[in-house]
1. Quick one: which of 125, 114 is modelled with pLDDT of 95 or more, surrounded by fewer than 21 Cβ atoms within 10 Å (Cβ to Cβ) and within 26 Å of residue 51 (Cα to Cα)?
2. Looking only at the stretch 138-153, decide whether some residue is surrounded by 14 or more Cβ atoms within 10 Å (Cβ to Cβ), out of contact with any strand residue (DSSP E or B) (no Cβ under 7 Å at 6 or more places or on another chain), assigned to a loop (DSSP other than H, G, I, E, B) and not assigned by TED's automatic domain parsing to the domain that holds residue 303.
3. Test residue 298 against the criterion of being under 20 Å from the mean Cα position of the chain (by Cα) and surrounded by 20 or more Cβ atoms within 10 Å (Cβ to Cβ), and give yes or no.
4. Could you count how many residues in the stretch 154-190 are outside any strand (DSSP E or B) and either loosely packed, with under 15 Cβ neighbours inside 10 Å or more than 23 Å from the chain's Cα centre (by Cα) (or both)?
5. Among helices (runs of 4 or more DSSP H) lying entirely in the stretch 217-313, which contain 2 or more residues that are in contact with a helix residue (DSSP H, G or I) (Cβ under 7 Å, 6 or more places away or on another chain)?
6. Pick out the one residue from 258, 242 that is crowded, with 20+ Cβ neighbours inside 10 Å, assigned by TED's automatic domain parsing to the domain that holds residue 312 and out of contact with any strand residue (DSSP E or B) (no Cβ under 7 Å at 6 or more places or on another chain).
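The values are calculated or read from the model by the stated rules, or taken from the named source; none is laboratory data. Because the structure is predicted, anything quoted here is derived from the model rather than measured. Note that we place each Cβ from the backbone using ideal geometry, even for glycine, and neighbour counts take in every protein chain shown.
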């Protein structure tokens, strides 16, 4: 994982080397979930997202993918019949607020409408499996129980059995502490064959290990010194709101954790540090090194060749809101194993 490169499934001798499986990706974003599922053996017949910049990112990295710019609530599968009977419907849905929080904020109606549209699409498409990603609180906190109950009742009515679970990306080769909530569902009794992926053995890659080469790309003399002390996984990288503010690495608590690694979490840089950059954490923000969008992407587990469209803030939003591809791959392989067992039983 050093340098952020994620080996392909074919190179590792599993996943993609077996029979390929079809998928429909909704709320695809910058492609973190789809990229990981690709390594797990899934080929999307269609990818949907309502942000032009995210669609541009997807098309630039995978020109052969069929990417459509559309709101999920406006999508009708009758117009795209290649999506019928795909093996997997997957997506990273907008971050749903709890009902209590929704009463104090604006916009949650739209977020819940997307969740409801995803459930409706399951009815229309009838995939063998479903994988939806969201905030970890949705999978485990009491105040989200009304939403879980709504989803559960709808899935049961459609003949699906399901499980909610929270996984931490750092347990799957991602150099970042990032909890992710998942819903996995299967048609009929296939859920009985499903097991959540086992955490990878060995230590989690650190920020320093992952970014050492990129920090020294312009000849910065302190790159090795910095990398040696950045000896822990990153705190959760937060994409922030699309509606306001610039790019930074998260709330105040996260910025303090970044500062302990010698990183300025209050901004995102255009380039890696120059050769003569004076790194002096004791001097405050001016002595801390900021990360670039590309470095944040490495900490999300994206392969270094994956490119993000748009201006800096839009690029960073895409990175920060993505599902880490190695985590998506791990869950995807667990789902693929069930689907392939069904085909051979």
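1. Numbers: 114 fails: modelled with pLDDT of 95 or more.
Checking each option against the conditions leaves just 125.
2. no
3. Numbers: under 20 Å from the mean Cα position of the chain (by Cα): yes; surrounded by 20 or more Cβ atoms within 10 Å (Cβ to Cβ): yes.
It is true that residue 298 is under 20 Å from the mean Cα position of the chain (by Cα) and surrounded by 20 or more Cβ atoms within 10 Å (Cβ to Cβ).
4. Taking the stretch 154-190 as the starting set, the residues that turn out to be outside any strand (DSSP E or B) are 154-159, 169-175, 177-178, 188-190.
With the extra rule that they be either loosely packed, with under 15 Cβ neighbours inside 10 Å or more than 23 Å from the chain's Cα centre (by Cα) (or both), the set shrinks to 154-159, 188-190.
Residues that pass the stated criteria total 9.
5. On the way: elements: 223-229, 252-260, 293-299.
It comes to 223-229, 293-299.
6. Numbers: 242 fails: crowded, with 20+ Cβ neighbours inside 10 Å.
Of the residues listed, the single one that is crowded, with 20+ Cβ neighbours inside 10 Å, assigned by TED's automatic domain parsing to the domain that holds residue 312 and out of contact with any strand residue (DSSP E or B) (no Cβ under 7 Å at 6 or more places or on another chain) is 258.
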